[in-house]
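One structure is given below, encoded as structure tokens.
The values are calculated or read from the model by the stated rules, or taken from the named source; none is laboratory data. Because the structure is a prediction, the values reported are computed rather than measured. So basically every Cβ, Gly included, is an ideal-geometry build from the backbone, and we count neighbours across all protein chains shown. Accessible surface areas use protein heavy atoms only, side chains included; no ligands, DNA or RNA. Shrake-Rupley method; radii C 1.70, N 1.55, O 1.52, S 1.80 Å.
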Amino acid sequence: MSDQLSIGIIGTGVMGSDHAHNLARGVRGARLAAIADADESRARALADSLGGAQPDGGPRVFTDGREMIASGAVDAVIIAAPDPFHAPLALACLEAGLPVLCEKPLAPTAAEAAEVVRAHDALARPLMTVGFMRRFDPGYLALRDRLASGADGALLMTHSVHRNVEAYPGQDSSATVTNSAVHEIDILPWLSGHEVVEVQWAAGRASSLISERHDPQLLLLRDAAGVLHTVELQVHAQYGYDVRCELVCERASVELPPVPALVEADEVIVSSGLARSSAYPADWRPRFAAAYRAELAAWVGASLEGRLPDGGATARDALRTTVVAEAIVRSMEQDGARITVPSIDDALNGRA
Ligand code: ISE
């Protein structure tokens, strides 16, 4: 491979556009070579908006992701199409031998994610990274370092909160788990060092502002060391994008700083009229901007060297999150029953 990675992005929604803008702003060793979207005018508008930033006039436009993968125009692919297309497109990239950064979740179901892992296991070299960007967030990295230092004693419990301003329309309660909670399902075992082995779903009074799904929801995740993780998800919270995490240890509580303090450096906290206020981000892009950029840089550097990025989520990690998410949805369907999470081997052998 050359010393420059020609990248193709599939999907021009929120995340496809965000990755495209990050690449256009400059990632060492990377060039945005192509953009694919079934909606040609959207793909072209994005390409045109970025064209001026590139010496060669900007990325090529495709209306079919598979055509782009097979075109020879790209040597690595970012998949940011809607969730149900992730697994089929990932399989096409693996077949073409292209490194791929696939947005989370790898697939909406464990069966589809397992198919990708089986295809990946059969390759001579690893190609697949899944975009669980919190692994690159300075705040979560600091939490993990602090835990590893042992200064606070053993981890006993964690409490997380995940709030979005507005739920995606047309989705039910299970999407809160498979699309949003998967971030916690990925990051909490990454923090604690132990897999989630048992889950339980609960919900109480629901918001009258959304009828399509139960909002908020509460998840209890027990890991293999017995650590209990509570996760509250409110995906139609209105007031702002808000992600919190507290580690309860034997001798201390350790938590992420409040989100507003972390957002853009040019924001201020205003104290006036007997009140103190600062802005909340409207979604995850500003909150996790540093994480997305670090993830992209690590993936580009590693792809140029023919390996996976240090610290990224693998296809197996992503399969594990989907298996846990499915167990939570089972608990939801069984009115909050405690559900044992199947093993990865069971998922890979179709026994989950
Ligand atoms: C969205 O798809 C994301 O991936 C965000 O990071 C997450 O916070 C949000 O809940 C999801 O809907």
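Here is the P(r) of region 185-326: all C-alpha pair distances, binned every 10 Å from 0, give 9, 27, 36, 22, 5, 0 in whole percents.
How far is the Cα center of region 269-292 from the Cα center of region 96-112, in Å? Taking the Cα centre of region 96-112 as reference, the centre of region 269-292 is 32 Å away.
Placing +1 on the Cβ of every Lys and Arg and -1 on the Cβ of every Asp and Glu, with nothing else charged, gives the chain a dipole about its Cα centre of roughly 440 debye. Once the Cα atoms of helix 289-304 and of the chain are each reduced to a long axis, what angle between those two axes, in degrees from 0 to 90 to the nearest 10, is obtained? Taking the Cα atoms of the chain, the angle to 289-304 is about 50 degrees.
Comparing CYS249, CYS102, CYS93 in a Gaussian network model of the chain, where Cα atoms under 10 Å apart are tied by springs, the biggest mean-square fluctuation is seen for CYS249.
A 1.4 Å probe over all protein chains sorts GLU333, GLU67 by accessible area into GLU333, GLU67, starting with the largest.
Normalised by 2.2 N^0.38 Å, with N the number of residues, the alpha-carbon radius of gyration of region 91-225 equals 1.23.
Per residue, the accessible area of the chain comes to 44 Å² when a 1.4 Å probe rolls over the protein heavy atoms.
For the chain, taking the reciprocal of the average inverse distance between every pair of different Cα atoms yields a Kirkwood hydrodynamic radius of 21.1 Å.
Maximal additional length on extending the TYR168-GLU195 stretch stands at 6.8 nm, based on 0.36 nm per residue less the C-alpha distance. Each of THR178, PRO138, ASN164 was placed along the dipole of region 133-185 (beta-carbon charges, centred on the mean Cα), and the one lying farthest toward the positive end is PRO138.
With respect to the chain, whose longest principal axis is taken over its alpha-carbon atoms, helix 110-121 is tilted by about 50°. Computed about the Cα centre, the dipole magnitude for region 129-229 is approximately 140 debye when only Lys and Arg (+1) and Asp and Glu (-1) carry charge, each at its Cβ. Mind telling me which of LEU296, LEU143, LEU209 comes out most flexible in a GNM of the chain, alpha-carbon contacts under 10 Å? In this elastic network of the chain, the residue with the biggest mean-square fluctuation among LEU296, LEU143, LEU209 is LEU209. Helical runs (DSSP H, four residues minimum) scored at -39500 (n - 2.57) apiece and divided by the length of the chain put the mean residue ellipticity at 222 nm at -10500 deg cm²/dmol.
The relative contact order of region 198-352 comes to 24 percent, based on Cα pairs under 8 Å that sit 6 or more residues apart.
Here HIS183 sits with roughly 20 square angstrom of accessible surface, probe radius 1.4 Å. Our coupling estimate for region 99-109, obtained by passing each phi through the Karplus curve with A = 6.51, B = -1.76, C = 1.60 and θ = phi - 60°, is x, 9, 10, 9, 4, 6, x, 4, 7, x, 10 Hz, Gly and Pro reported as x.
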